[in-house]
1. Helix-only estimate, please: 222 nm mean residue ellipticity of the chain, summing -39500 (n - 2.57) across DSSP H runs of length 4 or more and dividing by its residues, to the nearest 500.
2. Could you give the spread of the C-alpha atoms of the chain along their three principal axes, from largest to smallest, in whole angstroms?
3. Using the Karplus curve 6.51 cos²θ - 1.76 cosθ + 1.60 with θ = phi - 60°, work out ³J(HN,Hα) for each residue of region 31-37 in order, rounded to whole Hz, and write x for Gly and Pro.
4. Which ³J(HN,Hα) values in Hz, rounded to whole numbers, follow from the phi angles of region 18-27 under the Karplus curve 6.51 cos²θ - 1.76 cosθ + 1.60, where θ = phi - 60° and Gly and Pro get x?
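What follows is calculated from the coordinates using simple rules that are stated; it is not laboratory data. All of these numbers come straight from a predicted model, not from anything done at the bench.
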Amino acid sequence: MIVSLLFFKLMVWGSIIVSGVLMITIFAYFIYELKQKQIW
């Protein structure tokens, strides 16, 4: 029971971290593209 609960917590935190990293990567790429096109 404790092992499954720990595994569930690990899965939840892992998905949160992966989604956060993905959002930061997309945001950084978007800013990089804007700077490359000299819009600002």
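1. That comes out to -32000 deg cm²/dmol.
2. Dimensions of the chain along the principal axes of its Cα atoms: 56, 9, 5 Å.
3. After applying 6.51 cos²θ - 1.76 cosθ + 1.60, I find 5, 4, 5, 4, 5, 5, 7 Hz.
4. 5, 5, x, 5, 5, 5, 5, 5, 5, 5
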